[in-house]
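The values are calculated or read from the model by the stated rules, or taken from the named source; none is laboratory data. For clarity, every value in this text was computed on a predicted model and none was experimentally measured. Here the Cβ positions follow ideal geometry from the backbone for every residue, glycine too, while neighbour counts run over all protein chains shown. Ligands, DNA and RNA are excluded from the accessible area calculation, which covers all protein heavy atoms including side chains. Shrake-Rupley method; radii C 1.70, N 1.55, O 1.52, S 1.80 Å.
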Amino acid sequence: MSALRDALRTQLWPVPTAGVVLAVALGVTLPEVDARIDGDLPSAWTAYLFGGGADAARSVLAAIAGSLITVTSLTFSLTVVTLQLASGQFSPRLLRTFTRDRFVHVTLALFLATFAYALTVLRTVRTADGVQPAFVPQASVTLAFLLALASVVFLVLFLAHLARKIRVETMVRDVHVDADATVSRLLVERGRDSPRPVFPMPPPSGVPVLAASSGFLGRVDESALLAAAVDADAIIVIDRRPGDSVVTGTPIGVCWPRNGDAFTQEISARLLSRAPSAVSTQTERTSAQDVGFGLRQLTDVAVKALSPGINDPTTAIHALGHSAALLARLAGHDLGHRALRDGQDLIRVVLHRPDLGDLLDMAVSQPRRYGAADPALLGRLLMLLRELAWTVDLPDHRRVIGQQLARLRATADSQDFDGTEREHLRYLGDQVGLALRGQWTSE
């Protein structure tokens, strides 16, 4: 359900389409209401309604319809330009952040709805011709006028919103907010004394689970996978993680009988049919079950900013600040593999998930490689390790931070920096070591 909701939120058409349908329905219904109450409204109300004749009503509605379709075309054009800018200047994976923007959806819906409503009401305006009396739906034309005024206000707000939205500070903040929401939805906070479960290891005789389709692994139906394992009295390990690229017919996991015996042909066929169907793929990475997707987007922004064509290390440093905050939050949650248990508390399914070492490598390795010649960027990476080292409390977490520290020091030592820059980077590296021992500064 979350995957479907995310897919609908990232499409530009659902909300505008709903707005057009509602506007057409209102444009058909409201003139009929106008005809029923014509002449029955008190003068205090009619003073605020449209008071012109049929020709004036047609002119107003035609002007509204014509101007709104032009404004809608402009809005679509600006949105497309913004998407191109985000894709070329920052990262193609930021497009989802723009296409899921509710303000853009509502603005487009209002413009198209006003256009459709004005056209629908225009067909009901009649001039007296000797056969039928003149009819001007006063309330309907008044509503069209109010919708046009609202559209003008929203156009101004949309331009201001777009100018703020294309700023890199806004983009990385939005990515960070979405990533925080994904962490809250998918992960649970880790207790300090919570023991890690002992995960079963696949035997050599394990049967491979093959991918049913190609694409990015997007979602695992945990309940369906657990039910298949229980019915077959088996253990299933899915060793591909959300966001990984898979190819049809290649292994994405392994299964074996819990009691150590061999599968019967019937059970094997049924299990190998049900298990792959519980793992769905999609054409792009999403945050539906991928806790590392937000970090991937932030790293992409940093790497893009470090490219020779962009050459904006300040943006890269800014993105690394958000990566540091996100990593510190992730470190306080249960990371790594996830176990699904049956009613008897037996592990039936093991789902591979990234641990802190994987996520930290995602955030540090590529910026370290592409920004190796910039001492300011290496200094920000060392500061990221220092900030993360201060927040972690597990030996494994300290170990992976120490490994990244050693790699950063080796990168810095291989560069042609002057003495002052080398001394500053050496000092920052020492501060990371202090943070790993629970000290922020030396005494």
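Side notes on the structure shown:
- Region 277-331: C-alpha gyration tensor shape, a/c 1.5 cut-off, then a/b vs b/c: oblate
- Listed residues Gly309, Gly218, Gly88, most fluctuating in the chain (Gaussian network, C-alpha, under 10 Å): Gly309
- Electrostatic tally near Ala435: other residues with Cβ closer than 11 Å to its Cβ, Lys and Arg +1, Asp and Glu -1, net +1.
- Here the mean projected area of the convex hull built on the C-alpha positions of region 176-326 is 11.7 nm².
- Among Asp129, Asp261, Asp290, the residue with the largest mean-square fluctuation in a Gaussian network model of the chain, with springs joining Cα atoms closer than 10 Å, is Asp129.
- Expressed as a whole percent, the accessible area of the chain that falls on carbon and sulfur atoms is 59 (1.4 Å probe).
- Within the shell of other residues whose beta carbon sits under 12 angstrom from the beta carbon of Thr299, the net charge comes to +3, with Lys and Arg scored +1 and Asp and Glu -1.
- Taking the C-alpha atoms only, the angle from helix 102-122 to the longest principal axis of the chain is near 20 degrees.
- Charge tally around Gly419: other residues with Cβ under 15 Å, Lys/Arg +1 each, Asp/Glu -1 each, net -3.
- Using the 1.4 Å probe convention, the accessible area of region 359-443 works out to 51 Å² per residue with neighbouring protein chains retained.
- Heavy-atom accessible area per residue - region 115-204, 1.4 Å, Å²: 57 Å²
- At 0.890 mPa s and 25 °C, Stokes D of the chain from Kirkwood alpha-carbon radius, µm² per second: 93 µm²/s
- The alpha carbon radius of gyration of region 150-201, expressed as a multiple of 2.2 N^0.38 Å, is 2.08.
- The listed residues Arg338, Arg58 rank as Arg338, Arg58 when sorted by accessible area, largest first, using a 1.4 Å probe.
- Average projected area [Cα convex hull, region 333-443], square nanometres: 8.3 nm²
- Residue with peak Gaussian network fluctuation, the chain [Cα springs, cutoff 10 Å], from Pro354, Pro308, Pro42: Pro42
- Here the spin labels are modelled as points 7 Å beyond Cα on the Cα-Cβ line, and at Ala262 and Glu423 they lie 7.3 nm apart.
- Sequence-distant contacts, meaning Cα pairs under 8 Å at least 6 residues apart, place the relative contact order of the chain at 14 percent.
- Kirkwood radius, region 25-143, all distinct C-alpha pairs, inverse of mean reciprocal distance: 16.7 Å.
- Rounded to 10°, Cα long-axis angle of helix 419-436 versus longest principal axis of the chain: 80 degrees
- Distance from the C-alpha centroid of region 339-364 to that of region 124-180: 47 Å, rounded to the whole angstrom.
- Rounded to the nearest 10 degrees, the angle from helix 313-330 to the longest Cα principal axis of the chain is 70 degrees.
- Dimensionless Rg over Rh [region 251-404; C-alpha; Kirkwood]: 1.11
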